[in-house]
1. Quote to one decimal, in nm, the extra length available between Asn23 and Val60 on full extension: 0.36 nm per residue of separation minus the C-alpha distance between them.
2. Could you work out the Rg to Rh ratio of region 3-118, with Rh taken as the Kirkwood radius (inverse of the mean 1/r over all Cα pairs)?
3. In percent, what relative contact order does the chain have, based on Cα pairs under 8 Å that are 6 or more apart in sequence?
4. Once both axes come from the Cα atoms, what is the angle between helix 3-14 and the longest principal axis of the chain, in degrees from 0 to 90, rounded to 10?
5. So for each of 144-153, 76-85 I average, over its residues, the number of other beta carbons within 10 Å; can you give me the resulting order with the highest mean first?
6. Could you tell me how far the Cα centroid of region 44-64 sits from the Cα centroid of region 101-157, in Å?
7. Select from Val39, Asn23, Thr65 the residue farthest towards the positive end of the dipole of the chain; place +1 on Cβ of Lys and Arg, -1 on Cβ of Asp and Glu, and compute about the Cα centre.
8. Given charges of +1 on the Cβ of Lys and Arg and -1 on the Cβ of Asp and Glu, with all other atoms neutral, how large is the dipole of region 1-156 about its Cα centre, in debye to the nearest 20?
Amino acid sequence: MSDIEIVESLKRDLGEKALDLTNPDVRRIFVKIAPPELVPVVTLLRDKYDCAYLATISGVDKGDTFEFLYHFASPVANINLRTEFPKSEPRIASICAVIPGAVLYERELQEMFGVKVEGIPDPRRLVLPDDWPEGQYPLRKDWKHVRPQEVIPGGKS
């Protein structure tokens, strides 16, 4: 399948679910969807477009909104789903029922952005230490790192 054929097929299959669909480079397709469409669109990509491999989920704090990008790799193209939602309602559905390996990326989104991933099978922390303060999310633009004062044993007070 050529890029043009994939784009046309996605347009037919997604219809109004695709808020934006671009093909900026060879084998690179970006589809913007509304958050409620995430699980059905991921299911379609897995079943019809052989997108069973989720390379990663990346997130961007855009100030008033979060944008998450789900990067899928398949033998025919790299398809990237973009979804954006208000920072005031930081919730997104888990795609683990469709792509079980997404659990690690979703756990990371929860602790680094403070987004509630609804339906995640394992919500434990992944990267940050257990004693990390609640409400502190290092990948948010408004997060300020306060470096603790270094204590050198036997050093000057």
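Read-outs: derived from the displayed coordinates by stated rules, not from any lab. As the structure is a prediction and not an experimental result, all values here were calculated from the model. Counting neighbours? That spans all protein chains shown, and the Cβs are built from the backbone with ideal geometry, glycine included.
1. Details: separation 37, 0.36 × 37 = 13.32 nm, distance 2.07 nm.
Full-extension gain reported as 11.3 nm.
2. Numbers: Rg = 13.5 Å, Rh = 14.3 Å.
Value, to two decimals: 0.95.
3. Numbers: 247 pairs, mean separation 25.8, N = 157.
Once divided by the residue count of the chain, the mean separation gives 16 percent.
4. 80
5. On the way: 144-153: 5.7, 76-85: 19.2.
Going by the mean number of other Cβ atoms within 10 Å, highest first, we get 76-85, 144-153.
6. So the two Cα centres are separated by 22 Å.
7. It is Thr65.
8. On the way: 21 positive and 25 negative charges, 63 e Å.
About 300 debye.
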